[in-house]
Amino acid sequence: MNDVLTALTDILEQRKKEGDLDTSYVAQLHGKGLNKILEKVGEEATETILAAKDAERSAHVDLLICETADLWFHSMVMLSHLDCSAQDVLDELARRFDLSGLDEKASRKN
């Protein structure tokens, strides 16, 4: 699974630096700036929530999977724009292993 994230991170970085604005969606997003990228993350988050509600009612998860992929993708573009990576997020998740979610959340308030 990490191979996919690593490959996508590499592609996003390439498009960020060398992407053609006429042919690369990622280059266009970077060119429009952080606010546009955040708008897309918010849009995809909303669509993911709606798809999850539909999946709960219908037991069909295909749309939920597609919308979650869009959310992850746009979140990765956001990370790339801010010079972060999926690996940074994976490292944070790994740090949280063997740590109660309640304890971890409480530690962020300090």
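The values are calculated or read from the model by the stated rules, or taken from the named source; none is laboratory data. Because the structure is a prediction, the values reported are computed rather than measured. Cβ atoms come from the backbone with ideal geometry, glycine included; neighbour counts cover every protein chain shown. Accessible surface is based on the protein model in full, side chains and every heavy atom, while ligands, DNA and RNA are left aside. Shrake-Rupley method; radii C 1.70, N 1.55, O 1.52, S 1.80 Å.
Based on the mean of other beta carbon atoms within 10 Å per residue, what is the order of 47-53, 89-95, most packed first?
Packing proxy ranking, top to bottom: 47-53, 89-95.
Helix by helix, which DSSP H runs in the chain go 15 Å or more along their axis at the Cα atoms and have an average Kyte-Doolittle hydropathy of -0.5 or more?
Helix filter hits for the chain: 34-58, 62-81.
So how far apart, in nm, are the two label points at Arg57 and Ala69 if each is 7 Å from Cα heading toward Cβ?
According to this spin-label approximation, the distance is 2.4 nm.
Just to confirm, what accessible area per residue do you get for the chain at 1.4 Å probe, in whole Å²?
With all protein chains present, the chain gives 71 Å² per residue.
For the pair Glu43/Arg95, report the inter-label distance in nm, with labels modelled 7 Å from Cα in the Cβ direction.
Each label point is offset 7 Å from its Cα along the Cβ direction, giving 3.2 nm.
Determine the dipole magnitude for the chain: charges of +1 sit on the beta-carbon of Lys and Arg, -1 on that of Asp and Glu, nothing else is charged, the reference point is the Cα centre, and the result goes in debye to the nearest 20.
400
Please state the relative contact order of the chain as a whole percent: Cα pairs under 8 Å, 6+ residues apart?
25
By what distance, in whole Å, do the Cα atoms of the chain stretch along each of the three principal axes, largest value first?
On the principal axes, the chain reaches 45, 38, 28 Å in Cα extent.
Evaluate E = 1/(1 + (r/R0)^6) for Leu50 and Glu18, where r is the Cβ-Cβ distance and R0 equals 25 Å; express this FRET efficiency to the nearest 0.05.
It comes to 0.10.
Only Cα pairs within less than 10 Å get springs; with that Gaussian network setup on the chain, which residue of Ala59, Ala86, Ala45 has the largest fluctuation?
Top of the fluctuation ranking is Ala59.
In the chain, what percent of the accessible surface is made up of carbon and sulfur (1.4 Å probe, ligands and nucleic acids excluded)?
Roughly 57 percent of what the probe reaches on the chain is carbon or sulfur.
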